[in-house]
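Enquirer: First the structure, which I've put down as structure tokens, then a few questions once you've had a look.
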Amino acid sequence: MKKPDTKAASVLFGVELETVIPAGCGVQVGNYHRGCQVTGGLRKSDGTVVTAPKFNRMPWRAEHDGSIRGAGVACEFVSPILHGEDGVTALCQFVEFITAIGATVNDSCGCHVTVNVDSIIGSNDHAKRGEFARKLAHIAQWHARSIYGQTGAGRHTNTYSHTFAADVANLVKTMEKHPDLRFKESAAMACGRGMINFRKLFSHGLVEFRAFAGTTSVAKVQHHVATAIGLCRRAAEVECLGAFKKNKVQEARTRTAADAVKFLWDYLGWTGSKRDCALGLFGRLHSEFRQYRKEALRLCRQFDARYPNAPL
């Protein structure tokens with residue numbers, strides 16, 4: 001396996017975990033975008049108090065989300081801004097915390113990974129943001145089957161995590177090439193809140209990966225975050241950008257989700273010899289790859305069994 005990606009360790013990111021929690025678990029849920037600080041909760045198995053992990057003294061927040069269904073309390077856990085090896089460790093610890101208090105997920109839940117573009121490209125220039133977005137959209141489109149496949153679920157059919165529409169190819173071109181910021185912003189909004197949400201790209205320098213399914217699995221969260229950061233790192237480095245539509249080689253390597261995720265690993269340098277480092281992998285994302293890759297491959301095979309004809 002290639003060496004860790006030292007540049008990825010400086011990437012700023014955040015995670016939102018949509019869950020259903022027991023009413024008596026000790027977590028107070030605030031309003032949407034006005035969440036309550038998560039300081040601790042009650043362990044489901046024995047009722048003992050469990051302290052919630054923080055990152056750089058900053059707590060997670062718990063807020064209501066009307067899109068979450070289920071018997072219990074709808075709760076979206078929103079992380080503080082994370083980065084580096086300690087940020088990944090804090091994320092894994094928080095996933096273990098919500099598991100301990102009895103959080104569950106269903107098909108209405110998602111796992112959203114937000115990445116700070118400026119921390120990747122080293123600039124807040126709108127032209128450079130637009131160029132990055134176009135590259136990321138193309139790369140994500142090529143790897144859509146692995147992105148959705150690693151969930152094992154039908155996120156590609158969900159209104160809030162839909163695949164890219166055909167017009168996204170032209171919209172991201174407008175985001176890159178048009179000289180007027182208003183047109184760039186309008187194009188970003190028109191892309192919708194699908195596989196990748198570009199709506200906050202020009203206002204806040206953020207992109208949001210929305211394709212991932214809700215989970216309380218550390219292994220799944222690790223692979224999702226690694227995928228998001230890895231694709232962003234690759235988008236920042238690619239010089240010769242191919243077409244939005246997959247070419248024959250890409251089609252051949254993504255016929256199934258199981259094949260597609262192996263193609264993703266090779267493309268990002270997690271396996272094979274194509275890159276100088278494993279793009280997006282650092283800390284536990286790098287050292288535990290051999291463990292969580294098994295779960296990702298299992299879920300891709302599950303996806304293939306459930307959605308053999310998914311139009312990805």
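Enquirer: With point charges of +1 on the Cβ of Lys and Arg and -1 on the Cβ of Asp and Glu, referenced to the Cα centre of the chain, which listed residue (Val29, Ile229, Val261) lies farthest in the positive direction of the dipole?
Expert: Checking the options against the dipole of the chain, the answer is Val261.
Enquirer: While we're here: Quick check: from the Cα gyration tensor, does the range 175-241 come out rounded (a/c under 1.5), prolate or oblate?
Expert: Taking the square roots of the gyration eigenvalues as a ≥ b ≥ c, the range 175-241 is oblate.
Enquirer: Let me ask something else about it. Would you mind putting 43-52, 138-147, 3-12 in packing order, based on average other-beta-carbon counts within 10 Å, highest first?
Expert: 138-147, 3-12, 43-52
Enquirer: For the range 76-226, would you read off the P(r) tail past 22 Å as a percentage of all alpha carbon pairs?
Expert: Of all Cα-Cα pairs in the range 76-226, 43 percent lie more than 22 Å apart.
Enquirer: What ranking of Phe212, Phe13 emerges when the number of other C-beta atoms within 10 Å of each C-beta is taken as an exposure proxy, fewest first?
Expert: By the 10 Å Cβ count, ascending, the order reads Phe13, Phe212.
Enquirer: Next question. Given Lys177/Lys294; Lys200/Lys245; Lys220/Lys246, which pairs have Cα atoms separated by over 29 Å?
Expert: Lys177/Lys294
Enquirer: Still on this structure: Under the Kirkwood approximation applied to all pairs of distinct alpha-carbon atoms, what is the hydrodynamic radius of the range 183-312 in Å?
Expert: Taking every pair of different Cα atoms in the range 183-312, averaging 1/r and inverting gives 16.2 Å.
Enquirer: Based only on Cα atoms, what Rg/Rh ratio does the range 1-147 have, Rh being taken as Kirkwood's radius?
Expert: Result: Rg/Rh = 1.02.
Enquirer: Counting Lys +1, Arg +1, Asp -1, Glu -1, what net charge surrounds Ala260 among other residues with beta carbon under 13 Å of its beta carbon?
Expert: +2
Enquirer: Separate question: Quick one: which residues, 5+ away or cross-chain, put their amide H under 5 Å from the amide H of Trp60? H built at 1.01 Å from N.
Expert: Distant-sequence amide H within range of Trp60: Val38.
Enquirer: If you average over every viewing direction, what projected area does the convex hull of the Cα atoms of the chain give, in nm²?
Expert: 15.2 nm²
Enquirer: Of Val115, Ala127, Ser146, which is farthest towards the positive pole of the range 114-163's charge dipole, taken about the Cα centre with +1 and -1 on the beta-carbons of Lys, Arg and Asp, Glu respectively?
Expert: Ser146
Enquirer: What is the angle, in °, between the Cα long axis of helix 168-177 and the longest principal axis of the Cα atoms in the chain? Nearest 10 is fine, range 0 to 90.
Expert: That works out to roughly 70 degrees.
Read the figures in this text as sums done on the coordinates, not as results from a lab. Source: prediction; values computed, not measured. No Cβ is skipped: glycine too gets one built from the backbone with ideal geometry, and neighbour counts run over all protein chains shown.
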